[in-house]
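Asker: A single structure is presented below for examination.
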Amino acid sequence: MSTHTTEPKKENAPAFRVDVNLRDMLKNSSPDRPPQSNETEGEGLPEPVYPQYPEVRWKTDRRFHNFKVVRAWKGLGAPYFKSRLMPGQLRPLIAYLFSEWKCNLDCHYCWSYDNTVKGMTEPVAKQSIDWLHSLDNRFLALMGGEPLLRPQFIHKIVYYATKKDFIVYLPTNGRLMKPDVIDRLGDAGLGAINLAVDTIEEKPGLAKALAPIRSHFDYLMKVQRRYGIGVFLNVCITRTNMDDVRQLTELAHDNDIGIDFHIVESPLIDAPHFKHHDVNSTFLTPADYPRVEELIDWLLEKHQQGYKIINQKDRLAQMKQFMRGDIEPWGCRAGENTLIIRVDGTLAPCFPMYSATYDWGIVANPKFDRQQLTTMKKECERHCFSTLNHIVSYVYNNGRVIKWILKQARNGFTTATGTVE
């Protein structure tokens, strides 16, 4: 294990990474955001019934596994094959609903929040879920910021969406994930929790740590089987947490849960709200590349040993090229099979485009244009390392998907084994 102790340098972050022409098209194509969806009119979300399941839902392991198989088929399997039958149409396999653009923490590498932005309203959330349902989307990721800033609102979304057969996925830093919140969301049918932690103990610039949420994590581990919640850790590799990455990897393995890795990225396009352009100790410098490569090789060894690492092995290895600015286009399907819905109901193809003012439409009135997306991706794919969008791109291949399904069938569908490689 590395014993590197050199004091981190403060590095300037670039204002944006794409070329100027693409940046200008995305930021200057319209002076303001496109027209917003109606944020106040329309029905709100129904009040959740709690508890729905005061007793154990699945009396046997077989019933539990059958539940997970049916949920996975409804949430991902059937929508995937329907999308293959309707090429060229907007068929989001994964939709990201930004309920918040605020956060309770300030991680210095993160530009995915702005505490001046009002959160999503109930009418917009309901309109969004209903519209996605009409497109045969059944996998909904609740995004921020920090979604659990309004736990009652998230409870309503989870309850309403799962009644419409969505798998609902919740990324959170865990600070507000108290046992009562876990119980309510689990009872409502929450499908997965992506627990974002970068360190064991909090560090300067890295607030997403395990120690402050350890009791919440332990409770989640205790009840995840009761509620059928999939749990995995989400870790960003930065200049100052490489030893922590190893410890968190072992922690996930010891608890038999998944883990997913990202590599620190500066904003793809301007993010005026981002406060850490001028001084930032988390961004990688060329002097750090050997340590990062050593860490990635270690993660690849753990992947080979059967650790539940969500990243595909080849994609993990490509982090080495990405940090050096040398990555090939990878067939992103954002705006076709994934999309985001901002807090005001406007649409964009992916997370890095949240700050763009380009008009991609609003809920129930999308304006994604294949030619515009293709032109944009020739440049932005070379600067983006999205894990989930890459997985969607890679698995948008019937042969790979069927091969993976057959692998699960041989295992009796008792657990998902491995990623689609």
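Asker: Hey, among Arg91, Arg57, Arg62, which residue is charged (D, E, K, R) and in contact with a helix residue (DSSP H, G or I) (Cβ under 6 Å, 6 or more places away or on another chain)?
Answerer: Arg91
Asker: Ok, one more. Take Ala15 and tell me if it is surrounded by fewer than 16 Cβ atoms within 10 Å (Cβ to Cβ), over 19 Å from Gly361 (Cα atoms), at pLDDT 90 or above and among the aliphatic types (A, V, I, L, M).
Answerer: no
Asker: Of everything in region 233-268, what is out of contact with any helix residue (DSSP H, G or I) (no Cβ under 7 Å at 6 or more places or on another chain) and hydrophobic (A, V, I, L, M, F, W, C)? Give them in sequence order.
Answerer: Hits for region 233-268 are Cys236, Leu248, Leu251, Ala252, Ile257, Val264.
Asker: With (1) surrounded by 21 or more Cβ atoms within 10 Å (Cβ to Cβ); (2) over 16 Å from Leu22 (Cα atoms); (3) basic (Lys, Arg); (4) over 18 Å from the mean Cα position of the chain (by Cα) as the list, and Arg324 as the residue in question, which single condition is left unmet?
Answerer: (1)
Asker: Of Gly77, Gly119, Gly88, Gly145, which residue is outside any strand (DSSP E or B) and more than 20 Å from the chain's Cα centre (by Cα)?
Answerer: Testing whether each residue is outside any strand (DSSP E or B) and more than 20 Å from the chain's Cα centre (by Cα) leaves just Gly88.
Asker: I've got another one for you. Every residue in region 229-265 that is aliphatic (A, V, I, L, M) and either closer than 18 Å to Thr387 by Cβ or without any contact (Cβ under 8 Å) to a residue 24 or more places away in the chain (or both), please.
Answerer: Within region 229-265, Val231, Leu233, Val235, Ile237, Val245, Leu248, Ala252, Ile257, Ile259, Ile263, Val264 qualify.
Asker: Only one of these conditions is not met by Lys164: (1) surrounded by fewer than 20 Cβ atoms within 10 Å (Cβ to Cβ); (2) out of contact with any His (no Cβ under 7 Å at 6 or more places or on another chain); (3) closer than 26 Å to Ile94 by Cβ. Which number is it?
Answerer: (2)
Asker: Suppose we keep only residues that are part of a strand (DSSP E or B) and among the polar types (S, T, N, Q) within region 169-201. Which one would you say is surrounded by the fewest Cβ atoms within 10 Å (Cβ to Cβ)?
Answerer: The qualifying residue surrounded by the fewest Cβ atoms within 10 Å (Cβ to Cβ) is Asn194.
Asker: Now for a different question. Which condition number does Val49 fail, the rest of (1) surrounded by 13 or more Cβ atoms within 10 Å (Cβ to Cβ); (2) within 30 Å of Arg225 (Cβ to Cβ); (3) touching a helix residue (DSSP H, G or I) at 6+ places or on another chain (Cβ under 9 Å) being met?
Answerer: Only one criterion is unmet by Val49, namely (1).
Asker: Is it fair to say Asp254 is surrounded by fewer than 21 Cβ atoms within 10 Å (Cβ to Cβ), at pLDDT 95 or above and of a type in the set (Asp, Glu)?
Answerer: yes
Asker: Which condition from (1) out of contact with any Lys or Arg (no Cβ under 9 Å at 6 or more places or on another chain); (2) outside any helix (DSSP H, G or I) is the one that Val223 breaks?
Answerer: For Val223, the exception is condition (2).
Asker: What pairs come up if the first residue lies in region 131-147 and is over 16 Å from Cys350 (Cα atoms), the second is surrounded by fewer than 22 Cβ atoms within 10 Å (Cβ to Cβ) and of a type in the set (Asp, Glu), and their beta carbons are under 8 Å apart, counting only those six or more places apart or on different chains?
Answerer: These pairs meet every condition: Arg138/Asp165.
Asker: Something else about it: Can you tell me how many residues within region 294-321 are polar (S, T, N, Q) and either in contact with a Gly (Cβ under 8 Å, 6 or more places away or on another chain) or surrounded by 15 or more Cβ atoms within 10 Å (Cβ to Cβ) (or both)?
Answerer: 3
Asker: Name every residue in region 278-293 that is under 21 Å from Val18 (Cα atoms), buried (at least 16 other Cβ atoms within 10 Å of the Cβ) and over 23 Å from the mean Cα position of the chain (by Cα), in order of residue number.
Answerer: Listed by number, the list holds a single entry, Asn280.
Asker: Does Asp114 satisfy the criteria of being closer than 21 Å to Met143 by Cα, of a type in the set (D, E, K, R) and surrounded by 16 or more Cβ atoms within 10 Å (Cβ to Cβ)?
Answerer: In short, yes.
The values are calculated or read from the model by the stated rules, or taken from the named source; none is laboratory data. Being a predicted model, the structure only gives us computed values, none of them experimental. For neighbour counting, all protein chains shown are included, and Cβ atoms are generated from backbone atoms with ideal geometry for every residue, glycine included.
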